[in-house]
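First the structure, in the form of C-alpha cells, and then the observations on it.
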C-alpha cells in the first residue's frame with residue numbers, strides 16, 4: 001500500500017502537469033514567441049520530480065518504512 005505522501009504527490013503532480021501543459025499550449029496558440037512555451041513545459045516536469053525527491057528524502061529521514 002502506498003504511503004499518504006505518495007498519494008498526495010500523485011494528485012499534486014497530475015494537477016501541476018495539466019496546468020503547465022495548458023499554459024504551454026496557450027502560449028503556442030496565441031503568441032508569436034513559441035520559445036516562451038519551453039519554460040512551462042520544463043517546470044511541468046521538474047517541479048513534480050523535485051517535490052517527489054524532497055518528500056522521499058523527508059520520509060526516509062523521518063524513519064519511514
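The values are calculated or read from the model by the stated rules, or taken from the named source; none is laboratory data. Keep in mind that this is a model prediction, so the values were computed, not measured. We place every Cβ from the backbone using ideal geometry, glycine too, and count neighbours over all the protein chains shown.
Scanning the range 41-65 for residues that are in contact (Cβ under 8 Å) with a residue 40 or more places away in the chain and not in a helix (DSSP H, G or I) yields one hit, 64.
Picking from residues in the range 1-27 that are modelled with pLDDT under 95 and loosely packed, with under 11 Cβ neighbours inside 10 Å, the one that is farthest from residue 54 (Cα to Cα) is 1.
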